[in-house]
Structures are given as structure tokens and as C-alpha cells.
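Single-structure report; data block below.
The values are calculated or read from the model by the stated rules, or taken from the named source; none is laboratory data. Since the model is a prediction, treat every value here as computed from it, not as a measurement. Ideal geometry is used to build each Cβ from the backbone, glycine not excepted, and the neighbour counts take in all protein chains shown. These accessible areas exclude ligands, DNA and RNA; they are computed on the full protein's heavy atoms, side chains included. Shrake-Rupley method; radii C 1.70, N 1.55, O 1.52, S 1.80 Å.
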Amino acid sequence: MRLIRLIITVTIILLASNVKAQNIQKWKIEDVVNYFSKKNDSVYVVNFWGTFCMPCIHEIPYLQSISNKYKTQKVKLLLVSLDLPNYYPDKIASFAAKNSIYADIVWLDESNADHFCPQIDKKWQGDMPATIFVNPKTGYKAFFEEELTPEKFEAELQKAITGTVVN
């Protein structure tokens, strides 16, 4: 009996130590735009996703790993959850922990896509995933309303970092 309790206790401790609790903030679309509009030398990658969106879930691991690869070049990845209000914050945080999502997450406190989509890009129809790359220092900005392959994501990130087209 003692051995079973010990095994359960050690398992719980190990699982708890590997999970980073997400402090998920509630943002309006203006907060998101202000985030990537700062005049500094960071490169911003803002990805709009949802826990119910399979293409979104599929791309998050490589968005994280590739962004992390370029962190010395001041790349900042922000995941903006478009989940329903009843998912905020507990279900989103639980989903993040379960799926090893360590990038910063905010929940978009907006219900009118006709209001928030055009503030990110006038062409955005509201589909997910959607990703915007912004380099305020060079003025570089590119928007994609699709699941990006790891290769396309990294190529676009390199363009954003340099502010130029990479062949």
C-alpha cells in the first residue's frame, strides 16, 4: 500500500513540475494591435487560433519551436485564442497544459468578427488559423489566413526579421 501511494505521489509531482501554468489574459482587439505596433526592434508573430480548430492545433508546435529558434533575434510569438467565452480562462489553460503550449496566450474578448478582423488585415474573412508577421522597425507586415507549413512559416519569419524578401 505504501509503495502504491509513493508511486502516485511521485507521478503527481513529476506531472505538475512539467506543466507551466498559463496566465491567460483577456484582451480586446486594440490590445492585440497595440502589442505588435510598438516601435522597437522585436519581430511579432501573432497567431489566431482556437482549441476546436484542428489545423490550428496542428501548427502550434512548430510555430513555437521555430519562433524559439529565432528568439535571439527578438522574435515574439503570441497566440490569440478565439474560443467562446465559456472556455476562458480555465479550458484554454487546461488545453495549453495538456498540449505543451508554452507560448504566450491571450483570449480575444470580442464577438464581432466584422469589427476585429479588418483591424488585423482588411482581407481577413475570419478563418483560422490566421497569422500576422510584423516588424515595426522595418515596416514589414504580412498576413496569412491559412495553416502554414513549417517551411513556409520559417521562410516568412526570416522575411519579417530582415524586412526583405528571401528566395
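Structure notes:
- With at most 16 other Cβ atoms within 10 Å, longest stretch of the chain clear of loop trypsin sites (Lys or Arg not before Pro) (DSSP): 75-121
- To the nearest ten degrees, helix 54-69 and the longest principal axis of the Cα atoms of the chain are 80 degrees apart.
- Pair Thr162, Lys122: separation of 7 Å Cα→Cβ label points (nm): 2.9 nm
- Unpartnered cysteines - no second Cys beta carbon under 4.7 Å - across the chain: Cys117
- Label zone at Lys26 (point 7 Å along Cα-to-Cβ), backbone N below 15 Å, the range 77-96: 81-93
- Accessible area of the range 70-143 belonging to carbon and sulfur atoms, whole % at 1.4 Å probe: 48 percent
- Here the range 61-108 is treated with +1 on each Lys and Arg Cβ and -1 on each Asp and Glu Cβ, and its dipole about the Cα centre works out to around 280 debye.
- Bridges between two residues of the chain, per DSSP, are antiparallel at a rate of about 40%.
- Proximity of backbone amide H atoms, modeled 1.01 Å from N, is registered between Asp83 and Thr51, Leu108 at under 5 Å, excluding neighbours fewer than 5 places apart on the same chain.
- Surface accessible to a 1.4 Å probe, per residue, for the residues of the chain, Å²: 58 Å²
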